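Colleague: Here's a structure for you.
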Amino acid sequence: MFILDLIGVAVFAVSGAVAAARARLDVFGIVVLGVITALGGGVIRDLLLGITPPSTLRQWPYLLVAGLASLLAWIPPAKGRSREVTRRTVLVADALGLALFVTTGTATAFAVGAPAVTACLVGVLTGVGGGVLRDVLLREIPMVLHRDIYALPAIAGAHLVAAGHWLSWPEPVTLAAGAVSIAALRLLAIWRGRDAPRPPERTQPDELTGH
Amino acid sequence: MFILDLIGVAVFAVSGAVAAARARLDVFGIVVLGVITALGGGVIRDLLLGITPPSTLRQWPYLLVAGLASLLAWIPPAKGRSREVTRRTVLVADALGLALFVTTGTATAFAVGAPAVTACLVGVLTGVGGGVLRDVLLREIPMVLHRDIYALPAIAGAHLVAAGHWLSWPEPVTLAAGAVSIAALRLLAIWRGRDAPRPPERTQPDELTGH
Amino acid sequence: MFILDLIGVAVFAVSGAVAAARARLDVFGIVVLGVITALGGGVIRDLLLGITPPSTLRQWPYLLVAGLASLLAWIPPAKGRSREVTRRTVLVADALGLALFVTTGTATAFAVGAPAVTACLVGVLTGVGGGVLRDVLLREIPMVLHRDIYALPAIAGAHLVAAGHWLSWPEPVTLAAGAVSIAALRLLAIWRGRDAPRPPERTQPDELTGH
């Protein structure tokens, strides 16, 4: 679980750092935002579970991996790498981080004896927390609230981990099933450009009349 | 207190979900923002008091009520319901949620043995926390900082609950007095359109000269 | 350490309140934002260290000092005090608050037995936390992520406190060395207008072609 956590930290750090670079932050801002995005979800998880100081703030490897991964965003873009590629890199890194963090977050909550409903919620918050911090700090509406299907894969995956826990599956199988299903659902949603349904035209009339 | 808490959860969920619908979020964004607005204050309260995992994340009813109430915002608006009605619905739901959360938050803090100053602060933060999260996530300056008198009723109500606690009033009386006074003050402020005083013209000169 | 903490609270309250006044908030918004900016870092520190309820929410002096310092921002600006003076006041108050909070935050973490890496991180988060809350609530990109060198002095100072702890320096010496070095580095960065390096032209091409 430690290794999975580190991979999640690295991909979320890339997602935060690339978003920060797009917002024209300086190198410290990029590294700080990368680290916050990478460790934010785990800190939220540990605070909710009463694990203090948060485990991600107690171990060098997390910080080191987050910092180094953030520096990747500082590499000058190769010729031909367009904004579109950058945007997609953030989306895919974010999807992988989501998958890993939701599953390890849910499993950590079960490990400290939380009931299933708490474990699922904590898992989802572990997954989306870092990205929400990243988007709020860059003054963007968080991706989890925005157009794309984002919350649904996380919730589905957390429930799958809870089901595996309830059925006493071996933990690696449970974690793998959860992570793969989240990543697959999220990447599918990105690929198909699926938006979740929106409420019927509430403000449209105003927009139509131009006021 | 559980029932009051659930009603507070429901009205805050409506306030968050309607605000999310106005911001044109999709159905998942609406439900997620409704749930965050509804449960955010209680989670902040429990984190500050060291109650982990937060009680609002441990029980199905909270989540269920928050989710269902959020879906209300998805109901197509009836003919004649204007933006103004929507705006007022958010304001009134927010005032009721504030009243219920401040009083139950203050009482919860006393129940775990916090001193009076902590209880008042935790109560106010329980009341305003969910709304602040809602506004920050939608990139708006939080209502509590903005024009209207918002913090004052919360602070007054929390002190009333503290006074009731100190005078050993029966708890239902204390809670009712606190909640009614907060809701009354807040609704009065909305109705009279009262703004709190602002500092004297600091940036006005620039605005007058047009630069 | 209590006195240093109170001075840090006062200067951060001024920094938050002046920023709120610049954003044309009313008097309650100004005081609330001043108090949040002043106490936010300490609350984050205590939550991360598992000290609940947070010590800054348990003692009247903190609140009183934060509230009174916030009211300073409401004093009508003297003739000749320009926006530039206001802006610099916020920057300098923020630098002093950063210096005091990073050092006391790091020392508090050591006092509860945290390892060095945690102590440094908690110290930095104590220092930048209040300012980040202030900027997020006013819908600005946090200063810590923005142009100026901000994170570096905090990180350097926290490490200096850790070094002093490791070398068993007397605590007042350690705290003074940490605070002075942070304030000096930060004020130097403000005075020289030094920006940290930014990544090479990633989005510039778009800007150059005007699209």
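Colleague: Looking only at region B:159-170, filter to residues that are among the hydrophobic types (A, V, I, L, M, F, W, C) and in a helix (DSSP H, G or I); which one of those is nearest to the other protein chains (Cβ to nearest Cβ)? Quick ask: steps written out before the conclusion?
Modeller: At the first step, the residues of region B:159-170 found to be among the hydrophobic types (A, V, I, L, M, F, W, C) are B:160-163, B:166-167, B:169.
Filter again for in a helix (DSSP H, G or I), leaving B:160-163, B:166.
Details: B:160: 18, B:161: 16, B:162: 13, B:163: 16, B:166: 15 Å.
If we take residues in region B:159-170 being among the hydrophobic types (A, V, I, L, M, F, W, C) and in a helix (DSSP H, G or I), then B:162 is nearest to the other protein chains (Cβ to nearest Cβ).
Colleague: Could you tell me which residue of region B:136-158 is farthest from residue C:29 (Cα to Cα), considering only residues that are free of Cβ contacts under 8 Å to residues at least 24 places away in the same chain and part of a helix (DSSP H, G or I)?
Modeller: Once the filter is applied, the top-ranked residue is B:136.
Colleague: Can residue A:85 be described as surrounded by 15 or more Cβ atoms within 10 Å (Cβ to Cβ) and either modelled with pLDDT under 90 or touching an Asp or Glu at 6+ places or on another chain (Cβ under 7 Å) (or both)? Write out each step before concluding.
Modeller: Numbers: surrounded by 15 or more Cβ atoms within 10 Å (Cβ to Cβ): no; either modelled with pLDDT under 90 or touching an Asp or Glu at 6+ places or on another chain (Cβ under 7 Å) (or both): yes.
In short, no.
Colleague: Give the residues of region A:18-54 that are under 18 Å from residue A:104 (Cα atoms) and at pLDDT below 90, sorted by residue number.
Modeller: A:52
Colleague: Do we have residue B:195 as modelled with pLDDT of 85 or more, on the phi < 0 side of the Ramachandran plot and among the charged types (D, E, K, R) here?
Modeller: Working: modelled with pLDDT of 85 or more: no; on the phi < 0 side of the Ramachandran plot: yes; among the charged types (D, E, K, R): yes.
Considered against the rule, which asks whether it is modelled with pLDDT of 85 or more, on the phi < 0 side of the Ramachandran plot and among the charged types (D, E, K, R), residue B:195 comes out as no.
Residue by residue, here is whether (1) of a type outside the set (S, T, N, Q); (2) part of a loop (DSSP other than H, G, I, E, B); (3) within 11 Å of chain A (Cβ to nearest Cβ) holds:
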{"site": "B:4", "(1), (2), (3)": "yes, no, no"}
{"site": "B:9", "(1), (2), (3)": "yes, no, no"}
{"site": "B:14", "(1), (2), (3)": "yes, no, no"}
{"site": "B:24", "(1), (2), (3)": "yes, yes, yes"}
{"site": "B:31", "(1), (2), (3)": "yes, no, yes"}
{"site": "B:52", "(1), (2), (3)": "no, yes, yes"}
{"site": "B:56", "(1), (2), (3)": "no, no, yes"}
{"site": "B:69", "(1), (2), (3)": "yes, no, no"}
{"site": "B:109", "(1), (2), (3)": "yes, no, no"}
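Colleague: While we're here: Quickly run through region C:12-49 and pick out the residues that are farther than 19 Å from residue B:129 by Cβ, over 16 Å from the mean Cα position of the chain (by Cα) and β-branched (Val, Ile, Thr).
Modeller: Step one: list which residues in region C:12-49 are farther than 19 Å from residue B:129 by Cβ, which gives C:12-15, C:17-19, C:21-24, C:26-27, C:30, C:49.
After this cut, where a residue has to be over 16 Å from the mean Cα position of the chain (by Cα) as well, the list is C:21-24, C:26-27, C:30, C:49.
Selection gives C:27, C:30.
The values are calculated or read from the model by the stated rules, or taken from the named source; none is laboratory data. Nothing here was measured: the structure is a model prediction, and the numbers come from that model. Every residue, glycine among them, receives a Cβ derived from its backbone with ideal geometry; neighbour counts consider all protein chains shown.
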